[in-house]
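A short write-up of the structure that comes next.
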Amino acid sequence: MGRALLTVSAHELRTRLRDGTAIVIALIVPVTLATLFGLALGGDDPPLRATIGLVDLDGGEFPASVRREVAGAEELKGSVTLRDLPDGGEARRALDAGEIGAAIVFPAGFSARVGAGEGGDVTVLTSAGSPLAGVVAGAVVDRISAVVDARTLAVRAALLAGVPGDEVKELVERNGAAGPALALTGDPLAGGKVDLAVYYGSGMAALFAFFVVGASFRSLLTERKLGTLDRMRAGPLAAWVPVAGKAVVGFGLAMVSVCATWASGTLIFGSSWGDPLAVLTVLTAHVLAAAAITMLVAARVRTDAQADGVIMVISFVAAFLGGSLVPLHSLPGPLQTAALLTPNGWTATALAELAGSGAGVAAVAGPVAVLLAIALGAGGLAVLGLRKGMLL
Amino acid sequence: MAAMTAALACRGLGKRYGDLVAVDDVGLSITPGQAYGLLGPNGAGKTTTISMLVGLLRPDAGEVLVGGVDLAREPLRAKARIGYVPQEIALYPELTGRENLRFFGRLFGLPRRGLAARVDEVLDLIGLADRADGKLGAYSGGMKRRVNIGAALLHRPQVLILDEPTVGVDPQSRKAILDGLERLVADGMALLYTSHYMEEVERVCDRVAIIDHGRIVADGTRRELVSLVGGADTVELVLDGDVAAAFGKLRAVEGVSEAARTGESSVRLLADGGRYLLPSLITAVEGHATVTAAQVVEPDLEATFLHLTGTTLRD
Ligand SMILES: Nc1ncnc2c1ncn2[C@@H]1O[C@H](COP(=O)(O)OP(=O)(O)O)[C@@H](O)[C@H]1O
Ligand SMILES: [Mg+2]
């Protein structure tokens, strides 16, 4: 049967390549869309640049050290710029206009109150449109809070120890809780956050895997219409040979497609999707699930034209719900739950985990197991359907 | 004659689609070198029967033996002995004739070594050796039909099963196809030939089964079948006037055993001593219509069909 299988596969591959649409759908469209999405949505503001507004109503040492630290931090060089704004209202306006990505507001008398051990509050204004700027501003403010807490504690301790109020400040600063030094520790951008270019790249890979692998099962219906499938089935070869021969090609082309999208994302945006072995495992499990689902479609419809339509609808619905088109966290709650019904949702979750954490295969064992279960379930139903429809 | 293992035999084949009985208790047996015809109008159940014989359709009842091998139990061994020519052209239009044959040859397990030679041999057999490298989609209907048959011959089957192989074919290609089939039979191939063209079945087949509404109503040699009609002749009349009323009168004429409308203004009658009955037929329609043409034909399978089923093969 090996030779018969090879004959079917070779013919399928040749037909797909001759057709030309195979290359377009497997390579050109997903890579182009992933690149365009990456440039458009991952582009100007996040993840490459952010402007943070600074409203300094205090005029004291804290705002000054923020300026100093942001300017001095190696990690933020070229990517984060501070812009001075006169008041909170102006900051809100600039934020809404998209001129800045976030703002930090120091109220009047902030530094003095902290110096007196009374603590103080800094306000951070963020916008959903620039998550990156929000992250940076948040990191800066976290740092300020830590210093403020340490400062407040030290001052209170000194006062309790009986040091006269006007000497406390000098004492505390001399003894190490050195002023509001805002040394930013590490890269505030790293950890827990995925480059949007990776997000859209993996989304396109997940979406197009359906089309690429589905085309092979669709061609089974084309051959039924053509009568060549019956000619094969009447010949001395096992019934699974035509289906398997095509499935192998569909699977292979889909793997090439997702890997090409992955490679192009890495090359164009320089952003890693995470541990290569783990990424490959997730992508393989996704393609298997997509193959089983499109095979089930082919088993249930009558004509290749119907298969086209149904595969199109299922692919886009799964892509939308599963976060291949719109990031999962920007979907409303119920839809985020619906994502768990799609392979795309599990694939997106797993790939986000890998890109964000740099973890290995073990970290995504759960989503991969779910993807394989979807593949087995849909595949089993598909085989039953194909048997009944005498395609197998 | 010593019992010879039939190249193809079936017993009690049946298939229903819901309430419709498509095939009912069909049995037949074909020996090597025999050409067996399955003659019946559209919808009689020929394609359904063939689909079960080649393993494309699971029968509701009955069994199929190919050279003694049970098709249900050992499908691959049984199928290796069958060449199946589908009713529609089942080939890849974007490939050339030769590429189509090569594909199916490889798929059907022809050894790599002999493949090209066997493809050439088959191309010779179907008379397309010089046109083999054109795209199939650009072939004429007759050429496509010939490749359709050729693709079933590649793996040297012992039984060739053809489902209406000459539909939509020009007379020249039709003759080439029938000549080719006769040569194959002469070389010992068993043939199952279905058609609703009586002339073809009469020419190619030495044994014929008449199928109607899923049942085989009679089978035998051409001579045996024709003798079922007895001494009756077929009379074809062309009428002018109230044909329906005239038809009613005609079927009541003494000696007319069967009558069928064959067209807008034509009828076919089965009548004992047809030629002597002509005058009474002409007077019978008087007042309703006039007979503008009359022809008395020797009994043939068409007449047998009319005799057995009361209808015509073609409508
Ligand atoms: N898949 C099917 N579903 C329902 N009815 C069918 C199917 N295939 C054939 N039939 C019916 O079975 C009968 C026999 O059809 P068929 O075998 O194609 O006749 P023939 O080949 O002699 O023209 C017809 O009435 C046809 O409508
Ligand atoms: Mg038919």
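The values are calculated or read from the model by the stated rules, or taken from the named source; none is laboratory data. Everything numeric here is computed off the predicted structure, so don't read it as measured data. Glycine also receives a Cβ, built like all others from the backbone with ideal geometry; neighbour counts cover every protein chain displayed. What goes into the accessible areas is simple: the full protein's heavy atoms, side chains included, and nothing from ligands, DNA or RNA. Shrake-Rupley method; radii C 1.70, N 1.55, O 1.52, S 1.80 Å.
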Quiz item: Can you tell which of A:A318, A:G2, A:A285 lies farthest toward the positive end of the dipole of chain A, using +1 and -1 charges on the Cβ of basic and acidic side chains (Lys, Arg; Asp, Glu)?
Solution: A:G2
Quiz item: Given a Förster radius of 25 Å and the C-beta distance between A:L277 and A:V256 as r, what FRET efficiency does 1/(1 + (r/R0)^6) yield to the nearest 0.05?
Solution: 0.90
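Do you know the relative contact order of segment B:19-152, to the nearest whole percent, from alpha carbon pairs under 8 angstrom that are 6+ apart? Mind dumping the intermediate values first?
Numbers: 116 pairs, mean separation 27.9, N = 134.
RCO, segment B:19-152: 21 percent.
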Self-check item: Other-chain or far-sequence residues with amide H under 5 Å of A:L85's (modelled H)
Solution: A:L54, A:V55, A:D56
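Give the average, rounded to an integer, of partner chain Cβ atoms located within 10 angstrom of each Cβ in B:106-112. All intermediate terms of the calculation are to be shown ahead of the outcome.
Numbers: counts 7, 16, 8, 7, 1, 1, 1.
Mean partner shielding for this stretch: 6.
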Quiz item: Say each of B:V296 and B:A138 gets a label point 7 Å from the Cα, pointing the same way as Cα to Cβ; how far apart are those two points in nm?
Solution: 5.6
Quiz item: Size of the dipole of chain A about the Cα centre, Lys and Arg at +1 and Asp and Glu at -1 on the beta carbon, nothing else charged, in debye to 20?
Solution: 2660
Practice problem: Calculate what fraction, in whole %, of the accessible area of segment B:232-298 sits on carbon and sulfur atoms when a 1.4 Å probe is rolled over the protein chains. | Solution: 49
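Using a Förster distance of 45 angstrom, determine the FRET efficiency expected from the C-beta separation of B:T311 and A:V317, and round it to 0.05.
Details: r = 53 Å, r/R0 = 1.17.
Taking R0 as 45 Å, the efficiency between B:T311 and A:V317 is 0.30.
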Quiz item: When only Cα pairs under 8 Å and 6 or more residues apart are kept, what is the percent relative contact order across chain B?
Solution: 20
Self-check item: Averaged over A:234-243, number of beta-carbon atoms from partner chains that fall within 10 Å
Solution: 6
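Cα convex hull of chain A: mean projected area in nm², to one decimal? Could you put the intermediate results ahead of the total?
Values: hull surface 93.0 nm².
Averaged projected area of chain A's Cα convex hull equals 23.3 nm².
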Quiz item: Between B:E224 and B:E63, what is the label-to-label distance in nm when each label sits 7 Å out along the Cα-to-Cβ direction?
Solution: 2.4
Quiz item: Whole-Hz Karplus ³J(HN,Hα) for segment B:110-116, in order, using 6.51 cos²θ - 1.76 cosθ + 1.60 and θ = phi - 60°, x for Gly and Pro?
Solution: 5, x, 3, 4, x, 4, 4
Exercise. In debye, nearest 20, what is the charge dipole magnitude of chain B about its Cα centre with +1 on Lys and Arg Cβ and -1 on Asp and Glu Cβ, if you could check?
Key: 1520
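Over the protein assembly as shown, with the other protein chains present, what is the accessible area per residue in square angstrom, probe 1.4 angstrom?
Details: 30460 Å² over 707 residues.
Per residue, the protein assembly as shown has an accessible area of 43 Å².
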Quiz item: For segment B:281-310, list residues with backbone N below 15 Å from a point placed 7 Å from the Cα of B:S257 toward its Cβ?
Solution: B:297-310
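Please check chain A for the longest run free of trypsin sites (Lys or Arg not before Pro) that are loop-located per DSSP (anything but H, G, I, E, B) and have at most 12 other Cβ atoms within 10 Å. Walk me through the intermediate numbers first.
Working: sites that count: A:K77, A:R302.
Longest stretch, sites excluded: A:78-301.
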Quiz item: Given H placed 1.01 Å from N in the peptide plane, which residues other than close sequence neighbours of B:I211 have an amide H under 5 Å from its amide H?
Solution: B:L39, B:G40, B:V217
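Can you tell me, using C-alpha contacts under 8 Å and at least 6 residues apart, the relative contact order of chain A as a whole percent? Let's see the in-between values first.
Numbers: 633 pairs, mean separation 73.1, N = 392.
It rounds to 19 percent for chain A.
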Self-check item: Computed magnitude of the charge dipole of the protein assembly as shown (debye, nearest 20; Cβ of K, R +1, Cβ of D, E -1)
Solution: 1860
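What total accessible area, in Å², is buried where chains B and A meet, using a 1.4 Å probe and rounding to the nearest 100?
On the way: alone 14920 and 17950 Å², together 30460 Å².
Looking at B and A, the buried total is near 2400 Å².
For A:R67 and A:L41, what is the calculated FRET efficiency with R₀ set at 30 Å and r taken between the beta-carbons, to the nearest 0.05?
0.50
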Practice problem: Could you work out how far the C-alpha centroid of segment A:211-265 sits from that of segment B:1-78, in angstrom? | Solution: 32
Quiz item: Toward the positive end of the charge dipole of segment B:8-221, about the Cα centre and with charges on Cβ (Lys, Arg +1; Asp, Glu -1), which of B:A116, B:P165, B:G220 goes farthest?
Solution: B:A116
